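Data block below; observations after.
The values are calculated or read from the model by the stated rules, or taken from the named source; none is laboratory data. Every value quoted in this text rests on a predicted model; they were computed, and no experiment measured them. Methodologically, a virtual Cβ is constructed for each residue, glycine included, from the backbone with ideal geometry; neighbour enumeration extends over all protein chains shown.
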Amino acid sequence: MTSPQDVRQFIGRTAVDSEGSKVGKIGQVYLDEQAGVPLWVTVATGMFGTRQSFAPLYDAQVSGDEVTLAVSKEQIKDAPNVDDDGRIDAGEQEALYRHYAGHLGEQQTGYGPGGRPTHRAGTPPDL
């Protein structure tokens, strides 16, 4: 299970894309509901950082104050709109996986590991 310290390592850091370009600040971390593994982050994008775009943590690297994501800045900015409301439902997660297809590794299909939905760290999963 991921501890609060593991989740906090991402919040507030600068997200950098796979080519080294700054994307924005990480706002939230979304976890697999059963395993507690961080799967997604929200990144402030758009004019003045007013849009929260979801980006996968698959293959991310933490270095200093930066988190290098395995996807491009354009992919993050073009990600489907998903409400940052505490939970990514099955349809939203499927849209995100389709959008990032080919960049999430062979194991990343559907939802969280085992087909489970995800929720924002600090919010209880639906039971």
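Considering the stretch 4-37, the residues that are surrounded by fewer than 19 Cβ atoms within 10 Å (Cβ to Cβ) and of a type in the set (A, V, I, L, M) include one that is farthest from Ser72 (Cα to Cα), namely Ala35.
With the requirement that a residue be of a type in the set (A, V, I, L, M) and loosely packed, with under 15 Cβ neighbours inside 10 Å, what does the stretch 38-69 give you? If you could, list the steps in order and put the result at the bottom.
Here is the first cut: in the stretch 38-69, the residues of a type in the set (A, V, I, L, M) are 39, 41, 43-44, 47, 55, 57, 60, 62, 67, 69.
Listed by number, the residues that qualify are Met47, Val62.
Every listed requirement among (1) surrounded by 12 or more Cβ atoms within 10 Å (Cβ to Cβ); (2) at pLDDT 70 or above; (3) of a type in the set (Lys, Arg) is met by Arg120 save one, (2). Among the candidates Val67, Val82, Val43, the residue that is touching a helix residue (DSSP H, G or I) at 6+ places or on another chain (Cβ under 9 Å) and modelled with pLDDT of 90 or more is uniquely Val43.
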